[in-house]
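Take a look at the structure set out below.
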Amino acid sequence: MSTNAQEEIAAVAARFIVEEGLEYGPAKRRAVRELGLNARSALPSNELIEEAVYEYVSIFCADTQPLELTALRSLAIVWMQRVAEFRPHLSGAVWRGTATRLSDIYIQLFCDDAKSAELHFINQGVRYEVHAVSGFKGETVDALSVRSRCPVLNEEIGVHFMVYDYDDLRGALQPDAKGRAWRGDTEAVRRLVDSPDGTKQL
């Protein structure tokens, strides 16, 4: 498939991600259908999708997205503080700067004992659901999902805690091809919230 075709898929997928809150995978596949392309068409990379999302947000959501992003990051900090003992790192759109009010929050935990995070939630009286997701290395990991109200947005936000082994933390800190971090700890998120440029691309 040509580069132009992949860019076209990315542009349509970006609209679905921003306007409907779709995840990257479903958005790519829906974009292929929307464009009438072969279902087996080569899909654009997540990096290309992310660039398209940045562009879409800057054009169509410039007036609202910065406030929404800051509100989501602030809510993420609240939860990261609650699970501080598990070395939380924020990832996904809320960390990378593309999130809107429709975006969920993804926090990665690095635990000495995989069940310790669940026990922590039980002891804190936090209601959660467990499901299996694909981890950043392609492996299957548990995700603990909760719903949390964001007062600023007056929305119920999905907050998902992916549980990794402590030894995975070193690999998690590798940057992307442009030197940008894939995830950040609580202090890094707080710096973004406090910075006047915190809503910009990392």
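Just so you know, all these numbers are worked out from the coordinates, no wet-lab data involved. Just so it is clear, the structure is predicted and the values come from calculations on it, not from any experiment. Cβ coordinates were reconstructed from backbone atoms using ideal geometry, including for glycine residues, and neighbour counts include every protein chain displayed.
Here are some notes:
Residues are listed down the side, and each one gets a yes or a no for (1) within 24 Å of S74 (Cβ to Cβ); (2) surrounded by fewer than 16 Cβ atoms within 10 Å (Cβ to Cβ); (3) out of contact with any Cys (no Cβ under 7 Å at 6 or more places or on another chain); (4) among the β-branched types (V, I, T):
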position	(1), (2), (3), (4)
I105	yes, no, yes, yes
Q108	yes, no, yes, no
K115	no, yes, yes, no
Y128	yes, no, yes, no
V141	no, no, yes, yes
C150	yes, no, yes, no
P175	no, yes, yes, no
D194	yes, yes, yes, no
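- Some residue of the range 145-155 being small (G, A, S) and touching a Leu at 6+ places or on another chain (Cβ under 7 Å): yes
- Condition check for E55: touching a residue at least 60 places away in the same chain (Cβ under 8 Å) and either in contact with a Pro (Cβ under 8 Å, 6 or more places away or on another chain) or over 25 Å from V152 (Cβ atoms) (or both): no
- Scanning the range 6-22 turns up one or more residues that are closer than 28 Å to R190 by Cα and among the charged types (D, E, K, R).
- Failed condition for S45, given (1) over 18 Å from the mean Cα position of the chain (by Cα); (2) farther than 16 Å from S148 by Cα: (1)
- Within the range 138-184, the set of residues being free of Cβ contacts under 8 Å to residues at least 24 places away in the same chain, among the basic types (K, R) and closer than 15 Å to Q108 by Cβ comprises just one member, R170.
- Members of the range 1-50 that are without any contact (Cβ under 8 Å) to a residue 40 or more places away in the chain, within 20 Å of D104 (Cα to Cα) and assigned to a loop (DSSP other than H, G, I, E, B): L22, E23
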